[in-house]
């Protein structure tokens, strides 16, 4: 036992030539003794706060990373220094064992031998400690051969180099065949099947229910839908992402007498891995969630709500671990003085991008953008991407051969909400600089609205609904990474009427799955459908 | 469960008194075994038309306030599963969270 009490008794600034203490053999250690009965032990002058010791036992420490040695009656710390000289490891000492631990800063989760770059680093950066372009798939790593599978197999920044995608409008399945009405949510692809989420109201459940369906790659079998939110109140499906191990989805849920944002993880069959997790506790509706996976270790969710009593919405965000646990609390992502709604998150190489609708009081709505560090810190300035009266924006990160950029798209509408003739878009750098000014991405139609972007690196495929003679159909068009048209538009839907609201994902045979909403020809009911575009030709190994 | 409606929001003659209009509503269950209840009632008519912000006041007869991707706005009510041409050209009658009704969106 150290004799700290004696040291402290000296008091700061008090000099003493000696301190009388008992030797350890006397018992009653540390107790001042009579100078007639016991040995005098001359001691050095000690500074206040230093550790006095007589033996090594007095310097024992429970922290094996901070051992101390008794040197000239003072306990001297001799910390274990852990440094393996590798900048790509997190070096630390285990306080229980005193052994050094060298944890890689990035872990190779998909087992292809290539870890991903550290969050916030480009995989081309030599200090990124990883170069895998997709750590959710073992089929993507530097040097691999490119095949038509919807992945950037060789990590050259291009998905399915040279492939063409061919629609077959006759191949359509109704995902909500029992529904009175239904509306789309999102789509993603696991290693073996599509996972889609949508909302439907059936005769058995009078409310709108968020529902999951697993669709095989060939997309020809009608799946059995699985309800996700088993509550008697309305729930509306949101987006879904695949992390390499599970689907993650967020949705609007009214079980709490007020729409809140809920989250869960799903296995490829749609079984929930956890109890539903409520992400918001806000007065008023919390709506329009977006979710993004950083490719490594975290999920990010953003939505809009009115918790601050301003009378209008602003955007909030929440980080989640891959275990679905919240990291910190909800945080505001847009300033209070700006009405901000409908956020769309996209994870870039170095920054997290967010497009959203913004309006100041009395001003027209515009599409705005800001980016963050991947933990929502370090927000960039807000930049305006569109002219006035923009609507329904979407955004993706397109990782091209010469670096990644965000691509945003939207449609315009008049004061009554009537859509304009074309989809518009622009390109933004990760730092928030507009790389290309706003431009129409489609040829004029009677009306154009509701779109989705599929980034492939050297090109982007735009899916949208356009109306001619009173009928909406989904169309697709390939655009260069600079948003120049690479060909004419092709029709994706034909059988159903009033098809709109596409959501898209690429499968492992290179096919593009398209989720959309349309009228059932016979009944006029509104259902959710799935179709796919086949990968017609893939370049061989390059 | 559908409450006996006081009026018909989609009818030309809604049955409401002058100065009032018929609007649909939903009452949400508070327990796990409840069900949503729908109905329609007569309340003072607003003047918000298609695309107008709900913040300007109530919605006009035949319209309903919904939260869209552009904020809260009045949109024209429509009946799902009926001819889409009832909505203004370019808009579609899409589901809202009131059974049987859609909004021109």
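Is it true that residue A:536 is at negative phi, exposed (fewer than 15 other Cβ atoms within 10 Å of the Cβ) and in contact with a strand residue (DSSP E or B) (Cβ under 8 Å, 6 or more places away or on another chain)?
In short, yes.
Given the criteria touching a strand residue (DSSP E or B) at 6+ places or on another chain (Cβ under 7 Å), touching a residue at least 12 places away in the same chain (Cβ under 8 Å), part of a strand (DSSP E or B) and surrounded by fewer than 24 Cβ atoms within 10 Å (Cβ to Cβ), does residue A:450 qualify?
No: the conditions fail for residue A:450.
Given the options A:408, A:445, A:368, name the one that is closer than 17 Å to residue A:335 by Cβ and buried (at least 16 other Cβ atoms within 10 Å of the Cβ).
When all the criteria are applied, what remains is A:368.
Checking the conditions here, which among A:130, A:96 is in a loop (DSSP other than H, G, I, E, B), more than 14 Å from chain B (Cβ to nearest Cβ) and more than 20 Å from the chain's Cα centre (by Cα)?
Step by step, each of A:130, A:96 is checked, and only A:96 is in a loop (DSSP other than H, G, I, E, B), more than 14 Å from chain B (Cβ to nearest Cβ) and more than 20 Å from the chain's Cα centre (by Cα).
Of all residues in the stretch A:77-88, count the ones that are surrounded by 14 or more Cβ atoms within 10 Å (Cβ to Cβ) and modelled with pLDDT under 90.
Total meeting the criteria: 1.
Give the residue, chosen from A:222, A:184, that is touching a strand residue (DSSP E or B) at 6+ places or on another chain (Cβ under 7 Å), within 14 Å of another protein chain (Cβ to nearest Cβ) and on the phi < 0 side of the Ramachandran plot.
From the options A:222, A:184, the qualifying one is A:184.
How about the stretch A:133-168: which of its residues are without any contact (Cβ under 8 Å) to a residue 40 or more places away in the chain and not in a loop (DSSP other than H, G, I, E, B)?
Selection gives nothing.
In this structure, is residue A:389 in contact with a strand residue (DSSP E or B) (Cβ under 6 Å, 6 or more places away or on another chain) and more than 19 Å from residue A:455 (Cα to Cα)?
In short, yes.
May I ask you to list the residues in the stretch A:324-353 that are closer than 30 Å to residue A:124 by Cβ and not in a strand (DSSP E or B)?
Hits for the stretch A:324-353 are A:333, A:348, A:349, A:350, A:351.
Restricting to the stretch A:291-323, give me the number of residues that are within 14 Å of chain B (Cβ to nearest Cβ) and not in a loop (DSSP other than H, G, I, E, B).
Number satisfying all stated conditions: 6.
Go through (1) surrounded by 19 or more Cβ atoms within 10 Å (Cβ to Cβ); (2) at positive phi for residue A:493 and report which single condition fails.
Going through (1) surrounded by 19 or more Cβ atoms within 10 Å (Cβ to Cβ); (2) at positive phi one by one, residue A:493 breaks only (2).
Here are the criteria: (1) farther than 30 Å from residue B:93 by Cα; (2) surrounded by fewer than 24 Cβ atoms within 10 Å (Cβ to Cβ). Tell me which single one residue A:360 does not satisfy.
So the condition that residue A:360 fails would be (1).
Residues that are away from chain A (no Cβ under 14 Å), at least 3 per element: which strands (runs of 3 or more DSSP E) completely within the stretch B:1-78 meet that?
In the stretch B:1-78, B:20-27, B:37-44 are the strands (runs of 3 or more DSSP E) which contain 3 or more residues that are away from chain A (no Cβ under 14 Å).
For the stretch A:429-445, give me each residue that is closer than 26 Å to residue A:185 by Cα and either within 14 Å of another protein chain (Cβ to nearest Cβ) or within 24 Å of the chain's Cα centre (by Cα) (or both).
Answer for the stretch A:429-445, where residues must be closer than 26 Å to residue A:185 by Cα and either within 14 Å of another protein chain (Cβ to nearest Cβ) or within 24 Å of the chain's Cα centre (by Cα) (or both): just A:445.
If residue B:76 satisfies all but one of (1) touching a residue at least 24 places away in the same chain (Cβ under 8 Å); (2) in contact with a strand residue (DSSP E or B) (Cβ under 6 Å, 6 or more places away or on another chain); (3) more than 25 Å from residue A:202 (Cα to Cα), what's the number of the condition it fails?
(3)
Which count do you get for residues in the stretch B:9-51 that are within 26 Å of residue A:235 (Cα to Cα) and either surrounded by 13 or more Cβ atoms within 10 Å (Cβ to Cβ) or in contact with a strand residue (DSSP E or B) (Cβ under 7 Å, 6 or more places away or on another chain) (or both)?
20
Residues that are within 10 Å of chain B (Cβ to nearest Cβ) and more than 18 Å from residue A:351 (Cβ to Cβ): does the stretch A:451-466 have at least one?
So far as the stretch A:451-466 goes, yes, one or more of its residues are within 10 Å of chain B (Cβ to nearest Cβ) and more than 18 Å from residue A:351 (Cβ to Cβ).
Residue by residue through the stretch A:189-222, note down the ones that are surrounded by fewer than 19 Cβ atoms within 10 Å (Cβ to Cβ) and within 20 Å of residue A:273 (Cα to Cα).
A:191, A:192
Say we look at the stretch A:363-404 and pick out the residues that are within 16 Å of residue A:456 (Cβ to Cβ) and within 17 Å of the chain's Cα centre (by Cα); which of these is nearest to the other protein chains (Cβ to nearest Cβ)?
Among those that are within 16 Å of residue A:456 (Cβ to Cβ) and within 17 Å of the chain's Cα centre (by Cα), it is A:394.
Any idea how many residues of the stretch A:413-447 are assigned to a loop (DSSP other than H, G, I, E, B) and free of Cβ contacts under 8 Å to residues at least 60 places away in the same chain?
Looking only at that region, the number is 13.
So residue B:56 passes all but one of these: (1) within 21 Å of residue B:41 (Cβ to Cβ); (2) modelled with pLDDT under 85. Which condition number does it fail?
Failing condition for residue B:56: (1).
With respect to residue A:518, is the statement that it is surrounded by fewer than 23 Cβ atoms within 10 Å (Cβ to Cβ) and either away from chain B (no Cβ under 14 Å) or assigned to a strand (DSSP E or B) (or both) true?
Criteria not met by residue A:518.
Being facing chain A (nearest Cβ under 7 Å) and closer than 15 Å to residue B:10 by Cα: is that true of residue B:86 here?
In short, no.
Go over the candidates A:501, A:513 one by one and state the one that is part of a strand (DSSP E or B), farther than 30 Å from residue A:141 by Cα and within 25 Å of the chain's Cα centre (by Cα).
A:501
Of the residues that make up the stretch A:100-111, is at least one within 23 Å of the chain's Cα centre (by Cα) and farther than 30 Å from residue A:65 by Cβ?
Yes: the stretch A:100-111 contains one or more residues that are within 23 Å of the chain's Cα centre (by Cα) and farther than 30 Å from residue A:65 by Cβ.
The values are calculated or read from the model by the stated rules, or taken from the named source; none is laboratory data. Note that the structure is predicted; figures quoted are calculated from it, not measured. Positions of Cβ are backbone-derived with ideal geometry, glycine not excepted, and every protein chain shown enters the neighbour counts.
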